[in-house]
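Let me begin by presenting the structure, written as structure tokens, before commenting on it.
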Amino acid sequence: MGSRPRLALVAALAAAALLAGVAAAATEEAYVTLLYGDEFVLGVRVLGKSIRDTGTRRDLVVLVSDGVSDYSRKLLQADGWIVKHITLLANPNQVRPKRFWGVYTKLKIFNMTSYRKVVYLDADTVVVKSIEDLFKCGKFCGNLKHSERMNSGVMVVEPSETVFKDMMRQIDSLPSYTGGDQGFLNSYYADFANSHVYEPDNPSTPEPETQRLSTLYNADVGLYMLANKWMVDEKELRVIHYTLGPLKPWDWWTAWLVKPVGVWQDVRQTLEESLPGTGGGRNPHDQLVVKVLFILPVLLLLFGYYQSCFQTNKDLLSIRSLCAFARRARYKYKSDEALPSYSAAGVSSSAFANSDQRLSHGTHSRLPSYFGAIAVLASFVSAGVSLAFAFTIIPQQIMPWTGLLLMFEWTFVSFFLLFGSYLRFVYRWGILCANHVGYSRLDSSENHMITGRHHNTSECDIDATFYWIVMAIIAIVTVLSPTLLGVTALFAKLGLMVAGGVVLASFMTYSSEHLAISAFYKGQRERNVSRTRSICFLF
Ligand SMILES: *[C@@H]1O[C@H](CO)[C@@H](O)[C@H](O)[C@H]1NC(C)=O
């Protein structure tokens, strides 16, 4: 009777010993990544989260160099990483890309002799399925990629002082085709291309010096982009590697270009708030900038609108002007002829010149022939500068949607201000010309004809508003069309964007000319009035 509890006790002890043994083995093995600067911190956080999500008990070690801030180290520690400081290993190559200064540091994973085995992953990878079976791989395992080269993005390494010292001895003599660690490793393991593929369920004996890993362990996004699909069984995919040069998954715009970035962003969203304000991969500084960027243009516009419009055109937002706006929009569709200033804004400059002649019986050379071309140039330069400006001020690592919204907001506002300034300049120019040439020679009927239905300021502004809105709509539809239509292939996507861009450019050509001409004539008409009244902000 007494033997049963004793048996249970023995079993429990045995189980405990076994567990302890497993735990000990687990800490002899580690996932390792490298971090040179704060730019890649989010990548390491997401990688760590994706590894922990596979349920591993092994150590997660990040080797950080001097370029990483204390805050980032604390953050990674709070995320569960073991943070180890390392000094950079200088790159012996004279000819190499500038960013490769410290990449030889990666060789230091061969010196992590406190671990029996390490699985190394680049900071721009994400684990989508457990890769614990990699720890059974031999002394050195990596992927072959792009012909016969070994890719150092995912490697299994058995740290060894002997190997590391041997590498250090040869570091100056062995060539590196990349000018970095990857090239060096390709020279060091010169016969790597001939290695057998590692099969977790069927390990080779005796253990070979090097083994190749299946593409599943280092699936290159570049390859996905070519075929718009994974060329391996997608369900079996283990590690995605975001190799596309500057298109890193943490930059907000890549999610709009590269479909597999969605996988990365999904993991990012689940990041815990290990330090205040860092949940979902946010960072407190960017959050503040984003808030300011969202609110600032709104305040700016409200202020400007109040300043220059509200006081002079109190009815601008009234129902009456909305009706006028609708009437005017319909009018445009119905007939071009009724609006001389409209046809004057023809796309080609010759059409423009003709109508200019037709319009300016007595007052010749009021509009120089290059007027339209300059207006178009001004609008395109404004658009280009606005885009570049918006892109520069938006933090890079925010969420894709936030980035896109901010991009729209700031591009529109900057364009509005820039091209608006140009129109104001043209308006002043109109005033100036009128005073020079003697606009009074024009009789009132002709004046009426030139200016079409532009009877008062608010109608001009409505005209402008119409163009602004159409431009904005075309821009938004262009950018969102691939998403709305479910187009994921890069080239189809680019094709759609280009098509939308052409439509937008044509419309901009047309409307910028028209707006500039209207502004000019408006200046002439109001040469006396406007001295005392400020021009509307919209125009
Ligand atoms: C390699 O590891 C040993 C033992 O941990 C350490 O003393 C040595 O400084 C390391 N070498 C380099 C170049 O980091």
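Identify the trypsin sites (Lys or Arg not before Pro) of the stretch 187-286 meeting these criteria: DSSP loop state and at most 14 other C-beta atoms within 10 Å of the C-beta. Walk me through the intermediate numbers first.
Working: sites: 212, 229, 235, 238, 268, 282; in loops: 229, 238, 282.
Here the sparse-neighbourhood loop sites are 229.
At 0.36 nm per residue, and after removing the present C-alpha to C-alpha distance, how many nm does the segment from residue 483 to residue 498 gain when stretched out fully? Each step should come with its number before you reach the end.
Numbers: separation 15, 0.36 × 15 = 5.40 nm, distance 1.48 nm.
Stretched out fully, the residue 483 to residue 498 stretch lengthens by 3.9 nm.
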Exercise. For the stretch 201-316, what number of Lys pairs, 8 or more residues apart or on separate chains, have alpha-carbon atoms under 19 Å from each other?
Worked result: 4
Exercise. When we measure straight from the Cα of residue 139, which aspartates and glutamates land under 12 angstrom away, once same-chain ones fewer than 8 places off are left out?
Worked result: 158, 207, 209
Exercise. Near the amide H of residue 54, under 5 Å away, which other amide H atoms are found, from residues 5 or more places off or on another chain, if H is placed in the peptide plane?
Worked result: none
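Report the gain in length on full extension from residue 421 to residue 191: 0.36 nm times residue separation, minus Cα-Cα distance, nm rounded to one decimal.
Working: separation 230, 0.36 × 230 = 82.80 nm, distance 6.54 nm.
Here the answer is 76.3 nm.
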Problem set entry | Efficiency of FRET between residue 306 and residue 381 - r from beta-carbon atoms, R0 45 angstrom, step 0.05 | 0.95
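Computed from the coordinates by the stated procedures, all read-outs in this text should not be read as laboratory data. Not measured: the values here are computed from a predicted model. Here Cβ is always computed from backbone atoms with ideal geometry, including for glycine, and neighbour counts include all displayed protein chains.
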